[in-house]
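Have a look at the structure below before the remarks.
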Amino acid sequence: MELVMPIFACAIVLFGLIKRVPVFDVFMSGAREGIRALYNIAPTIIGLMFAVSLLKSSGAIDVICNAVSPLAQKLGFPAEIVPMAMLRPVSGSGATALLINVFEDYGADSFAGRVASVLAGSSETTFYATAMYFGSVHVKNTRHTLPAALAADFTALVMSVVTVRLFFYQN
């Protein structure tokens, strides 16, 4: 299994040599482009990470989650996944940590655990992806992207609950 990547790299180099492509020059050109992309994306990603850290350390996320949880419960959403649903569009690693907490506290086969699992697999780190992809091509005006992406994230949340109820909790 550990030989997969070296074999794959050798196959690419061999294919390039067979096709008479200057493999090293093409590699260096790609590396240069990668460094340029990193240079363009870094400020956006650093700003996003700072904002997430600020929200976490200030307790703003907890305040928002506590305010939304009663409404979520009345609508049939497990209150246990509200923090994850709120954090998922911003931070994938933070949402994964909350997913693990849901598993540890309520169990992976609980209603909350199953909804959280489906949500994790069907939603996106919207703000991160938007910052990363639009930042790499210098797009400043995202226009309808964020509202549409956040609507998709909300749809993923609703459908996570519906799907788990449909497949696991039928009457």
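Is the shape of region 109-171 rounded, prolate or oblate, going by the alpha carbon gyration tensor and its root eigenvalues a ≥ b ≥ c, with a/c under 1.5 for rounded and a/b larger than b/c for prolate? Don't skip to the end; give the middle numbers.
On the way: a/c = 5.60, a/b = 2.83, b/c = 1.98.
Since a/c reaches 1.5 and a/b is larger than b/c, the shape of region 109-171 is classed as prolate.
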(message) Placing one identical point scatterer on every Cα of region 26-168 and ignoring solvent, what is log10 I(q)/I(0) from the Debye formula at q = 0.08, 0.13, 0.19 Å⁻¹?
(response) -0.27, -0.65, -1.12
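What does the charge count near Tyr106 come to, summing +1 for each Lys or Arg and -1 for each Asp or Glu among other residues with Cβ under 11 Å from its Cβ? Please list the in-between numbers first.
Numbers: positive: Arg114; negative: Glu80, Glu104, Asp105, Asp109.
Charge balance in the 11 Å sphere: -3.
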(request) Quick one: what are the phi-derived ³J(HN,Hα) couplings along region 20-37, Karplus 6.51/-1.76/1.60 with θ = phi - 60°, whole Hz, x for glycine and proline? (result) 6, 8, x, 4, 5, 5, 5, 4, 5, 5, x, 5, 4, 5, x, 5, 4, 4
(request) Please determine, in degrees from 0 to 90 and to the nearest 10, the orientation of helix 60-74 with respect to the longest principal axis defined by the Cα atoms of the chain, where the helix direction is its Cα long axis. (result) 60 degrees
(request) Have a look at Phe103, Phe27, Phe111 and tell me which one the Gaussian network model of the chain (Cα, springs below 10 Å) gives the largest fluctuation. (result) Phe27
(message) Can you tell me the orientation of helix 126-136 relative to the chain, as the angle in degrees between its alpha-carbon axis and the longest Cα principal axis, to the nearest 10?
(response) 20 degrees
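To the nearest 500 deg cm²/dmol, what mean residue ellipticity at 222 nm is calculated for the chain from DSSP H runs of n ≥ 4 alone, each contributing -39,500 (n - 2.57), summed and divided by the residues?
That comes out to -26000 deg cm²/dmol.
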(request) For region 1-140, build the charge dipole from Cβ charges (+1 Lys, Arg; -1 Asp, Glu) around the Cα centre, then report which of Met86, Val4, Val23 sits farthest towards its positive end. (result) Val23
(request) Report ³J(HN,Hα) in whole Hz for each residue of region 103-113, in order, from the Karplus equation J = 6.51 cos²θ - 1.76 cosθ + 1.60 where θ = phi - 60°; Gly and Pro get x. (result) 4, 5, 7, 10, x, 5, 9, 6, 4, 5, x
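Within 10 Å of each residue's Cβ, count the other Cβ atoms and sort Arg165, Arg32 from fewest upward.
Numbers: Arg165 15, Arg32 10.
By the 10 Å Cβ count, ascending, the order reads Arg32, Arg165.
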(request) Let me have the relative contact order for the chain, percent, based on Cα pairs under 8 Å that are six or more residues apart. (result) 21 percent
(message) Using Cα springs under 10 Å in a Gaussian network model of the chain, which residue among Ala148, Ala31, Ala60 shows the largest mean-square fluctuation?
(response) Ala31
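Near Val115, within a Cβ-to-Cβ distance under 11 Å, what is the net charge of the other residues, with Lys and Arg +1 and Asp and Glu -1?
On the way: positive: Arg114, Arg165; negative: Glu80.
Around Val115, the surrounding residues sum to +1.
Bear in mind that the values in this text are calculations on the coordinates, not laboratory data. The shown structure was predicted, so the numbers you read here are calculated from the model rather than taken from an experiment. Every residue, glycine as well, gets a Cβ built from its backbone with ideal geometry; the counts of neighbours run over all protein chains shown.
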